[in-house]
1. State which residue is surrounded by the most Cβ atoms within 10 Å (Cβ to Cβ) when the search covers only the range 18-34 and only residues that are more than 15 Å from residue 152 (Cβ to Cβ) and touching a helix residue (DSSP H, G or I) at 6+ places or on another chain (Cβ under 8 Å).
2. Which of the residues belonging to the range 132-173 are assigned to a loop (DSSP other than H, G, I, E, B) and surrounded by 14 or more Cβ atoms within 10 Å (Cβ to Cβ)?
3. Identify the single condition in (1) without any contact (Cβ under 8 Å) to a residue 60 or more places away in the chain; (2) touching a helix residue (DSSP H, G or I) at 6+ places or on another chain (Cβ under 9 Å); (3) over 19 Å from residue 158 (Cα atoms) that residue 88 does not satisfy, given that it satisfies every other one.
4. Given 137, 176, which one is touching a helix residue (DSSP H, G or I) at 6+ places or on another chain (Cβ under 6 Å) and either modelled with pLDDT of 95 or more or on the phi < 0 side of the Ramachandran plot (or both)?
5. Does residue 185 qualify as being under 30 Å from residue 136 (Cβ atoms) and crowded, with 22+ Cβ neighbours inside 10 Å?
6. Would you point out the residue of the range 174-203, among those that are touching a residue at least 24 places away in the same chain (Cβ under 8 Å) and assigned to a loop (DSSP other than H, G, I, E, B), that is nearest to the chain's Cα centre (by Cα)?
């Protein structure tokens, strides 16, 4: 078993081993860390439990210290209850979940960085909404499937981190929200019973859709536009997963998409890489929240 440096290598190793992709990822990680499968699974279960707890602990009346973020997750949940949503219950639930988790992060609550705190809403939003709408009635009966989906997400995320970046300061928001969507899309395909090849195509399509996304936080805070970008990342993951399950493929190979993301990130000016000096942060509104220089 080896550490995967590319998606193609991961798929080929999975074909040779005959293992499910999630299990091949788990075994590779165990070998790299020198831990048992029992310890690895216990860690992944704790991450899932933390996602569930963070989602359940959301409070619509809480606001971030800046006052810029809070309450939108509650608004979306209330809107869902009126039964007149444009997107239907599942997609509306995904949107609400992404908002809730992003707001929990801004309000300094405990979240799971997946792969970063600023992109923490994407993966739990799609996984937990999938469970609520398509999974077993009892969460315990779905836990194994969700853990397997997390392994798939982790495998793709590690390749992105090693081959490109998951840092907004290095690659722009395409490396954070984009990476989160690229992890969540194959995780959804895993839940829907898709093949490893479909997972790879889903990841590539999700990444392609967000290429060039800049990191321009107002006031240098992970709040505006970060929280609402979690919604876009989650929606991107859902659409990419559904396209892959329909048999639609990415024309550009997945590894080449990741490489393109790295190159695009390196081309972005520093003002659009988490410095809070360009994009939305440089608008008249954004300048009101810029930290005072000494």
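The values are calculated or read from the model by the stated rules, or taken from the named source; none is laboratory data. What you see is a predicted model; the values in this text were computed from it and never measured. Reconstructed Cβ throughout: ideal geometry from the backbone, glycine too, with neighbour counts over all protein chains shown.
1. Among those that are more than 15 Å from residue 152 (Cβ to Cβ) and touching a helix residue (DSSP H, G or I) at 6+ places or on another chain (Cβ under 8 Å), it is 30.
2. Within the range 132-173, the subset assigned to a loop (DSSP other than H, G, I, E, B) is 135-138, 164-167, 172.
The answer is 135, 164, 165, 166, 167, 172.
3. Unmet condition: (2).
4. 176 is the lone residue from the list that is touching a helix residue (DSSP H, G or I) at 6+ places or on another chain (Cβ under 6 Å) and either modelled with pLDDT of 95 or more or on the phi < 0 side of the Ramachandran plot (or both).
5. Details: under 30 Å from residue 136 (Cβ atoms): yes; crowded, with 22+ Cβ neighbours inside 10 Å: yes.
Considered against the rule, which asks whether it is under 30 Å from residue 136 (Cβ atoms) and crowded, with 22+ Cβ neighbours inside 10 Å, residue 185 comes out as yes.
6. So, considering only residues that are touching a residue at least 24 places away in the same chain (Cβ under 8 Å) and assigned to a loop (DSSP other than H, G, I, E, B), the one nearest to the chain's Cα centre (by Cα) is 176.
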